[in-house]
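Contents: one structure, followed by commentary.
The values are calculated or read from the model by the stated rules, or taken from the named source; none is laboratory data. Keep in mind the model is a prediction, meaning the values are calculated, not measured. Cβ placement follows ideal geometry from the backbone for every residue including glycine, while neighbour counts extend to all protein chains displayed. SASA here: full protein model, heavy atoms, side chains in, ligands and nucleic acids out. Shrake-Rupley method; radii C 1.70, N 1.55, O 1.52, S 1.80 Å.
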Amino acid sequence: MNRQKKQLFSPFFLLSVAILIPLLALGIQNGRKLFNIYIIHPNDYTITKARLLTNFHQKYNNHATYQFNYGGKMLDGSAGSILWGTVGEEITIYFETGHPENNGILSGLFFLTIGQWLTFIIFGAYVVYKTVWYIKTT
């Protein structure tokens with residue numbers, strides 16, 4: 001009986017390892033931003049409602065623009081497009097209290113961070129499983 005040769009470095013394994021490093025870096029960066037907004041520096045950020053002005057979904061250049069009130073002035077902001085947002089509706093945004101130009105859509109940041117961490121966990125579990133399986137079977 002011809003035994004199949006055990007191979008650890010399959011193309012999907014190498015792709016998984018290559019994806020893990022940028023996912024970790026992006027997940028930490030976005031997670032740190034959420035952590036700052038809610039836990040470490042909640043007084044430095046303001047969470048408010050904004051009116052969605054535009055919401056473009058294209059292959060490239062996806063973006064949304066919105067207006068919010070700060071200090072008696074109407075300010076404009078922009079971020080990535082919102083899949084479930086319609087023009088004219090109110091969305092929840094965050095901005096730095098001292099620098100209102102540093103703003104973003106809160107739900108977008110939240111779901112992006114959750115997606116990055118879930119993908120990291122799935123690919124990381126696959127890499128650990130394949131590595132342990134390879135060690136046990138060789």
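The figures follow:
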quantity	calculated
Test: ILE82 is closer than 23 Å to LYS33 by Cα, modelled with pLDDT under 90 and open to solvent by less than 40 Å² (accessible area, probe 1.4 Å)	yes
Test: residue in region 39-55 that is under 30 Å from GLY71 (Cβ atoms) and touching a His at 6+ places or on another chain (Cβ under 9 Å)	yes
Cβ pairs under 9 Å, 6+ apart, first in region 111-132 and farther than 22 Å from ASN30 by Cβ, second outside any helix (DSSP H, G or I)	LYS130/LEU8; LYS130/SER10; THR131/LEU8
Residue count for region 29-43, restricted to those that are open to solvent by 80 Å² or more (accessible area, probe 1.4 Å) and touching a residue at least 12 places away in the same chain (Cβ under 8 Å)	1
Among (1) closer than 26 Å to ILE19 by Cα; (2) not in a loop (DSSP other than H, G, I, E, B) - the single one ILE82 does not satisfy	(2)
Residue in region 108-127 that is part of a helix (DSSP H, G or I), at pLDDT below 90 and either within 10 Å of the chain's Cα centre (by Cα) or on the phi > 0 side of the Ramachandran plot (or both) present	yes
Filter result for GLN58 (part of a strand (DSSP E or B), without any contact (Cβ under 8 Å) to a residue 24 or more places away in the chain and farther than 30 Å from PHE12 by Cβ)	no
Condition met for TYR134 (among the hydroxyl-bearing types (Ser, Thr, Tyr) and in a helix (DSSP H, G or I))	yes
Given (1) outside any helix (DSSP H, G or I); (2) within 30 Å of LEU15 (Cα to Cα); (3) open to solvent by 60 Å² or more (accessible area, probe 1.4 Å), index of the condition HIS99 fails	(2)
